[in-house]
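Structure first, then comments.
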Amino acid sequence: MTGVVDQVGAGDPLGRVMVWPVAEVDTRTMLSQVAEVLAADEVGAVPVVASGSLVGLVSERDVVSHVAIGADLSHLTAGEVMSTEIVTAQQEDTILRAAQLMCEADVRHLPVLAGEQLAGMVSMRDLLEVLAAEGAGLIEAPVPSKDSRVVVRPPWAG
């Protein structure tokens, strides 16, 4: 996504910054293979697809939590560990709306759909690059002293 930032703004459609194609796995993919996909593609989450439809998401956190309890990743499937309550956006949604959705749901990876079909993925970092580039120079905050803390809240945070 780097390099596109200065041509895209918060009001632009999410489809302009989403990553596509994305690696997909199915529910029978072993978690060890999911970990390999995450590492090879340098992504933090991979969509789980069954019969052409998005059914879940496996994140780095899902993998690490199973490693931490000593689980054998070669005996667990994506279907057994995936998150099924998935927040999604449509590729026509604005970049700002996607950022709002991600903050509200406390997620770092967002599948982007075209209708009901997976069209791509965005990460919080993808959106932050756009929002930071757009906001650069627009907000002036005082330089914090050693004893103070400046908190700049985005407009949608209330």
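Per-structure values
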read-out	value
Complete set of residues in segment 67-79 that are surrounded by 14 or more Cβ atoms within 10 Å (Cβ to Cβ) and of a type outside the set (A, V, I, L, M, F, W, C)	Thr77, Gly79
Test set (1) surrounded by fewer than 18 Cβ atoms within 10 Å (Cβ to Cβ); (2) under 20 Å from Val122 (Cα atoms) - Ala99 fails condition number	(1)
The listed residue being surrounded by fewer than 19 Cβ atoms within 10 Å (Cβ to Cβ) and either charged (D, E, K, R) or within 16 Å of Gln7 (Cβ to Cβ) (or both), out of Ala114, Ala132, Ala105	Ala132
Count of segment 26-66 residues which are surrounded by 13 or more Cβ atoms within 10 Å (Cβ to Cβ), among the aliphatic types (A, V, I, L, M) and farther than 14 Å from Met121 by Cα	8
Residue in segment 6-23 that is at pLDDT 95 or above, under 16 Å from the mean Cα position of the chain (by Cα), assigned to a loop (DSSP other than H, G, I, E, B) and not aromatic (Phe, Trp, Tyr) present	no
Residues of segment 95-126 that turn out to be touching a Cys at 6+ places or on another chain (Cβ under 9 Å) and among the β-branched types (Val, Ile, Thr), as a count	0
Check on Thr27, part of a loop (DSSP other than H, G, I, E, B), under 30 Å from Arg97 (Cβ atoms), modelled with pLDDT of 95 or more and not acidic (Asp, Glu)	yes
Search result, residues across segment 62-121 that are assigned to a strand (DSSP E or B), within 23 Å of Gly52 (Cα to Cα) and hydroxyl-bearing (Ser, Thr, Tyr)	Thr77, Ser83
Every pair of residues 6+ apart whose Cβ atoms lie under 6 Å, when the first sits in segment 121-133 and is among the aliphatic types (A, V, I, L, M) while the second is part of a helix (DSSP H, G or I) and at pLDDT below 85	Val130/Val5; Ala133/Val5; Ala133/Asp6
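The values are calculated or read from the model by the stated rules, or taken from the named source; none is laboratory data. Just so it is clear, the structure is predicted and the values come from calculations on it, not from any experiment. Using ideal geometry, Cβ is built from the backbone for each residue, glycine included, and neighbour counts are taken over all protein chains shown.
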